[in-house]
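J.: Structure incoming, see below.
The values are calculated or read from the model by the stated rules, or taken from the named source; none is laboratory data. Fair warning: this is a prediction, and the values are worked out from it, not measured in the lab. Every residue, glycine as well, gets a Cβ built from its backbone with ideal geometry; the counts of neighbours run over all protein chains shown. In case anyone asks, the SASA skips ligands and DNA or RNA and just uses the protein heavy atoms, side chains included. Shrake-Rupley method; radii C 1.70, N 1.55, O 1.52, S 1.80 Å.
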Amino acid sequence: MLFLLLTIGPAFLFACGNILEKSGVSSVGQKTGGVSNPWNFWKGVLTNGFWWLGVACSVFATGGYYIAMARYDLSQVQPMMVLNPVLTALMGFVILKEVLTRRIVVAICFVVAGLLCSVESLGEATSVQNLNMLWAYAGVVCGIALFAHLFCKDREMVDSLIMGVGFGISAAFYKSLAMDFDLDNISLASIGGLILDFRTLAYVATYGIAFIYSQISFSRGRALFIIPFSAAVGAAVPTIAGAVVFSEAFPLEKVISVTLVLIGACLFVVRRPRRKK
């Protein structure tokens, strides 16, 4: 029950935050010309009530999500977060009047089926980390994102990719820190070591870049593309880290579950035409 509360609850709040932030940033972008006029754009964003309400939802969601990551396997927590684009797609259809296609319905079915396959193994904690592999894995994934930033011309896709990679890698760094520091009972004696740890700096950097790119992507992209694409990347990156870096157990039912969820997430991100005005 606690596992479901710490995963489904944050997924719902993340979806609410996505819609509210998208609404706020889009309205500001239309008035100011977007990131081409950065001073007025960021000033408008920081004074927008919908944006702040969305940030508040995301903050509460992040709290529950981080507690879940500290307690359970990444390969269990991350697939549950794919409920975020499922709920975002439904809210985007109802609130933002964006297109909801038959493919999205199929994607939702894959995600739900995948989550149902993992019911018996919910709440596992089998992680054993390899720090050298963590840094190597983070370097490779960030290198791929940098390559896409330099050579890919589709800015909507690149912004969403960097957003997903940033949040995904920051989750892996957080999981590593949580395994070495008892974050539920942090003390003054351990704060110094936590602050000076290079993984903390890497976490702050990757999360900060992901957050900045999330706002940039919201200002010039579509919620029904940005959120599913970044969520698919953001789920795949730490799930793979669970196997490669943290040696988490992957019995057959978990492999099937993760595969179905990631297929569903990928179905969300097939390019769709923009909504006609």
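J.: Please name which of Phe41, Leu134, His149 has its Cα lying farthest along the dipole of the chain towards the positive end, using unit charges on Cβ (Lys, Arg +1; Asp, Glu -1) and the Cα centre as origin.
T.: Phe41
J.: What is the percent carbon and sulfur in the accessible area of the stretch 5-136, measuring with a 1.4 Å probe over the protein chains and ignoring ligands? Write down the numbers at each step before the final one.
T.: Details: 4450 of 6320 Å².
It is 70 percent, rounded to a whole number.
J.: Right, something else. For the chain, what is the accessible area per residue in Å² when the probe is 1.4 Å?
T.: Per-residue accessible area for the chain comes out at 48 Å².
J.: Next up: Lysine pairs in the chain 8 or more apart or on different chains: how many have alpha carbons under 28 angstrom apart?
T.: 20
J.: On to the next question. Which of the chymotrypsin sites (Phe, Trp or Tyr not before Pro) across the stretch 205-265 are loop residues per DSSP, with 13 or fewer other Cβ within 10 Å?
T.: Hits after loop and neighbour filter: nothing returned.
J.: Then there's this: Counting only protein chains, not ligands or nucleic acids, how are Cys266, Cys16 ordered by accessible area (probe 1.4 Å), most first?
T.: Highest to lowest solvent-accessible surface, that is Cys266, Cys16.
J.: Between Lys43 and Phe93, how many nm apart are label points set 7 Å from Cα along the C-beta direction?
T.: 4.1
J.: What distance in nm separates the two pseudo spin-label positions at Ile195 and Ile144, each 7 Å out from Cα along the beta-carbon direction?
T.: About 3.6 nm, to one decimal.
J.: By average Cβ neighbour count within 10 Å, what is the ranking of 54-67, 158-171 from highest down?
T.: The peptides rank, most packed first, as 158-171, 54-67.
J.: Then there's this: What does the extension gain come out to for Ser36 and Thr259, with contour length at 0.36 nm per residue minus their alpha carbon separation?
T.: Working: separation 223, 0.36 × 223 = 80.28 nm, distance 3.95 nm.
Between Ser36 and Thr259, full extension yields an extra 76.3 nm.
J.: How large is the dipole of the chain about the Cα centre if only Lys and Arg carry +1 and Asp and Glu carry -1, each at its Cβ, rounded to the nearest 20 debye?
T.: Numbers: 20 positive and 14 negative charges, 340 e Å.
So the dipole magnitude of the chain works out to roughly 1640 debye.
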